[in-house]
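To start, the structure itself, in structure tokens.
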Ligand code: TMP
């Protein structure tokens with residue numbers, strides 16, 4: 001039997017890295033163990049945050065529109081969605097000692113908005129200080145992927161979003177940023193190459209989860 005304890009696990013990576021698939025796999029395995037676990041995502045995860053997600057994603061579908069969100073509006077919307085998510089879902093779940101699996105979190109804002117788009121890092125750090133309420137992931141899985149493989153996976157998707165149209169060099173920059181972030185804390189980050197479609201990564205993720213749970 002495992003002691004009931006909260007764990008906050010995040011998955012990060014560029015589109016087509018297979019993180020949503022791996023989130024689902026880990027969630028199902030933990031559920032089968034009889035542990036109390038939830039799966040959520042960013043932007044989104046609560047009614048209010050999903051509304052904000054739709055506003056963000058909606059803007060992307062009109063690339064030719066004259067009036068588009070600038071990178072600061074965009075960033076503030078991600079942060080607004082995160083604030084809702086933390087307050088109404090993540091924090092209450094952690095208080096109830098649940099395991100929380102989140103598809104994207106703060107590192108996505110750093111990788112896409114700060115490193116990818118050149119948004120001021122101090123602004124993001126300052127807002128994070130106020131909205132995170134001391135909540136930090138215990139474990140982050142960063143899924144690396146060969147960029148051409150990621151593009152192939154994206155082409156097969158039915159539902160697209162704006163980044164699906166971004167250039168290889170943008171994805172490269174964002175992925176490099178994720179790797180740089182992961183190097184700042186080797187204990188918390190677990191970096192895996194998810195370019196191949198096999199069960200290897202799924203098993204490594206589950207083993208790492210079990211080790212963290214036993215700590
Ligand atoms: P998803 O495709 O993983 O659901 O994520 C939606 C998009 O939002 C994805 O293109 C990455 C982007 N994103 C950011 O740019 N910054 C953020 O802080 C988050 C959470 C997502």
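The values are calculated or read from the model by the stated rules, or taken from the named source; none is laboratory data. The shown structure was predicted, so the numbers you read here are calculated from the model rather than taken from an experiment. Cβ placement follows ideal geometry from the backbone for every residue including glycine, while neighbour counts extend to all protein chains displayed.
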Worksheet item: Among the numbered criteria (1) modelled with pLDDT of 95 or more; (2) more than 10 Å from the ligand (Cβ to nearest atom); (3) surrounded by fewer than 21 Cβ atoms within 10 Å (Cβ to Cβ), which single criterion is violated by residue 67?
Response: (1)
Item to complete: Take residue 154 and decide whether it is within 17 Å of residue 20 (Cβ to Cβ), within 14 Å of the ligand (Cβ to nearest atom) and either outside any helix (DSSP H, G or I) or modelled with pLDDT under 90 (or both).
Response: yes
Worksheet, complete the sentence: Subset of region 163-184, residues surrounded by 14 or more Cβ atoms within 10 Å (Cβ to Cβ), within 13 Å of the ligand (Cβ to nearest atom) and either in a helix (DSSP H, G or I) or at pLDDT 90 or above (or both), comes to 163, 164, 170, 171, 173, 174, 175, 177, 178, 181
Worksheet entry | helices (runs of 4 or more DSSP H) lying entirely in region 1-116 (those with 3 or more residues that are touching a strand residue (DSSP E or B) at 6+ places or on another chain (Cβ under 8 Å)) | 19-32
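Kindly indicate whether residue 142 is buried (at least 17 other Cβ atoms within 10 Å of the Cβ), under 16 Å from residue 10 (Cα atoms) and within 14 Å of the ligand (Cβ to nearest atom). Don't jump to the end; show me each part of the working.
Values: buried (at least 17 other Cβ atoms within 10 Å of the Cβ): yes; under 16 Å from residue 10 (Cα atoms): yes; within 14 Å of the ligand (Cβ to nearest atom): yes.
In short, yes.
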Fill in: Failed criterion for residue 133 (all others in (1) touching a helix residue (DSSP H, G or I) at 6+ places or on another chain (Cβ under 7 Å); (2) in a helix (DSSP H, G or I); (3) modelled with pLDDT under 95 hold)
(2)
Worksheet, complete the sentence: When (1) more than 16 Å from the ligand (Cβ to nearest atom); (2) without any contact (Cβ under 8 Å) to a residue 40 or more places away in the chain; (3) in contact with a helix residue (DSSP H, G or I) (Cβ under 9 Å, 6 or more places away or on another chain) are applied to residue 92, the one that fails is (3)
Discussion item. If I filter region 13-34 for residues that are within 15 Å of the ligand (Cβ to nearest atom), in contact (Cβ under 8 Å) with a residue 24 or more places away in the chain and under 18 Å from residue 131 (Cα atoms), do I get at least one hit?
Written reply: no
